[in-house]
Structures are given as structure tokens and as C-alpha cells.
Amino acid sequence: MKSHTNEMFFQLVALLLAVIVVHAIFVTVVRPNAESTIRHHAEMAAAGEDYEVPRSFFIVIKDLEQEACFILMIWALAIMGYKTRSAMTEQKMFSSALISISEGSRVLPEDASQLARPLQSLTESQRSLLLPRALQTALTRFQVTDSVQSATDAVNVVCNNENDRLDSELSMVRYITWAIPSIGFIGTVRGIGAALGQAHEAMQGNIAGVTSSLGVAFNSTFIALLISMVVMFFMHQLQLIQERLVLDSHAYCENNLLRFLRAK
């Protein structure tokens with residue numbers, strides 16, 4: 001429960017920092033540079049000079065939709081970074097001396113309490129990790145039921161539940177990966193709507209407003225799709241790490257404990 005509270009607090013702080021940092025960068029760097037570029041080329045066009053309009057990075061990302069997409073990207077990466085750090089902490093348990101059984105030994109139900117002592121000596125935070133929980137559950141079940149199959153089923157249940165929990169906790173990241181392209185499409189609708197509202201100016205020969213609005217429409221979708229691809233890549237990498245953690249924990253229990261158990 002405490003870890004869930006800490007994670008929620010981290011997510012809120014990460015979102016607040018992402019909003020502050022990204023908005024500060026857009027206000028102080030992106031939008032001033034974009035406005036300067038637009039003003040410069042408007043002056044050249046008014047003077048009748050020939051010029052080639054560059055596809056400036058600052059112009060492409062200057063609008064509100066792109067800013068929102070960058071905020072969501074940083075928030076999602078922060079959440080995934082937190083979960084990756086948690087997975088790395090879990091993986092460190094594989095190098096700990098949790099269970100020590102000599103090759104060829106037989107573990108009977110009365111030996112379970114002795115084997116569980118290293119697990120019980122762990123700190124509370126370490127005991128809540130997947131591998132110690134799976135080992136402790138298997139030993140307790142074996143001691144109570146005198147059944148190897150029951151201990152094996154206990155490990156399977158713990159690992160399956162952990163896999164389901166890790167998958168469900170990625171729901172916020174999945175929502176963000178859906179929200180980013182959606183925000184881009186909102187910018188597209190807004191830009192096209194603004195362009196249609198300026199159609200009468202285009203009919204009179206002034207197409208600057210229409211082209212600017214269409215730029216908003218296409219740039220927002222372009223940036224949103226790129227950011228969505230980046231977030232999706234890191235999300236799949238995180239899923240791979242978590243799935244390997246569960247599989248490795250199950251294999252550890254099988255190789256270091258379950259195969260030595262013998263019922264009376």
C-alpha cells in the first residue's frame with residue numbers, strides 16, 4: 001500500500017514538473033524563435049523579395065497541441081522510468097542468497113521453516129518483492145499441505161498475479177499513448193477549421209492565413225505521431241523487462257527450490 005502511495009505521489013510530481021519545464025521552454029525559447037522567423041519572412045514577402053520558406057523546427061512545434069504532447073511524453077517516460085527502476089530492484093534479488101540447497105538434497109515439509117529463515121530476515125520492503133514472496137509462499141504451502149504440487153501451484157499463482165498486476169499498472173501509460181495522437185488530431189481539426197474560416201481571404205488572394213492554419217493542422221499530427229512512436233517503443237521495452245522478471249522468478253523457484261521438494 002505504501003509503495004502504491006509513493007508511486008502516485010511520484011506521478012503527480014512528475015506531471016507538475018513536466019508542465020512547468022515544458023511550458024517554460026516553449027515560452028522562453030520555442031515561441032519567441034518561431035515568431036521571429038515568421039515575422040522575418042512576412043517582412044520579406046511584404047517587400048516582394050524572393051525567398052524559400054524554411055521548415056523551422058520551432059515553427060513546427062510552437063502550437064498548444066505540440067506542447068501538450070511533449071508534456072505527456074515526459075510524464076509517460078517518467079512513469080516508465082520509475083517502473084524500470086522498480087524492476088531493476090526486483091532483479092537484484094536473484095544475486096542474493098535467499099535459498100541454499102545442496103545438489104542432490106531432499107527437502108521435506110519439516111525443513112521448510114529452516115529454509116525460510118533467510119527470507120524472514122529480509123527487510124519489509126525486500127519481503128514484498130516478487131521472488132521472496134514466491135519462495136515464502138511455496139515453502140509455507142509445502143509445510144502445511146505436504147504436497148509438492150501444491151507448492152508448485154502456489155508459485156504459479158504468485159507469478160501470474162504479479163504479471164497481471166504489472167500489466168494493469170501500465171494502464172496510465174497506455175492511456176497517454178492513446179491521448180498523444182488524439183491531441184494531434186484535435187490540432188488538425190482546429191487548424192482545418194481555422195483555415196476554412198479564412199477561406200474568403202484566400203479567395204481575395206491573401207493565402208497567408210490559410211497556409212498558417214493548415215500548418216497548425218499538419219504539424220500537430222506530425223509531432224503527435226512521432227512522439228507516440230517514441231513512447232510506444234519505451235513502453236514495449238518496459239513490458240519486456242517486466243515479463244522477463246516474472247519468467248526468471250518462476251524459473252528461479254523451479255531450479256532452486258521446487259525440484260528439491262519431496263513429500264513424505
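Annotations
- Any hit, region 93-102, residues being part of a helix (DSSP H, G or I) and in contact (Cβ under 8 Å) with a residue 12 or more places away in the chain: yes
- Residues that are surrounded by 13 or more Cβ atoms within 10 Å (Cβ to Cβ), under 21 Å from residue 68 (Cβ atoms), of a type in the set (A, V, I, L, M, F, W, C) and free of Cβ contacts under 8 Å to residues at least 60 places away in the same chain, drawn from region 152-188: 185
- Exactly one residue out of 247, 261, 257 is surrounded by fewer than 19 Cβ atoms within 10 Å (Cβ to Cβ) and either β-branched (Val, Ile, Thr) or under 30 Å from residue 108 (Cβ atoms) (or both): that is 247.
- Enumeration of residues in region 33-83 that are of a type in the set (Val, Ile, Thr) and at pLDDT 95 or above: 71, 74, 79
- Residue 19 fulfils the conditions (1) at pLDDT below 95; (2) β-branched (Val, Ile, Thr); (3) surrounded by 15 or more Cβ atoms within 10 Å (Cβ to Cβ) except for a single criterion, (1).
- The number of residues in region 144-157 that are within 19 Å of residue 251 (Cβ to Cβ) and touching a Lys or Arg at 6+ places or on another chain (Cβ under 6 Å) comes to 2.
- Elements of type helices (runs of 4 or more DSSP H) in region 103-186, at least 2 residues being of a type in the set (D, E, K, R) and within 29 Å of residue 6 (Cα to Cα): 124-127, 148-168
- Qualifying residue in region 125-143 (condition: surrounded by fewer than 20 Cβ atoms within 10 Å (Cβ to Cβ), modelled with pLDDT under 95 and over 21 Å from residue 252 (Cβ atoms)): no
The values are calculated or read from the model by the stated rules, or taken from the named source; none is laboratory data. None of these values were measured; they are calculated from a predicted model. Cβ atoms come from the backbone with ideal geometry, glycine included; neighbour counts cover every protein chain shown.
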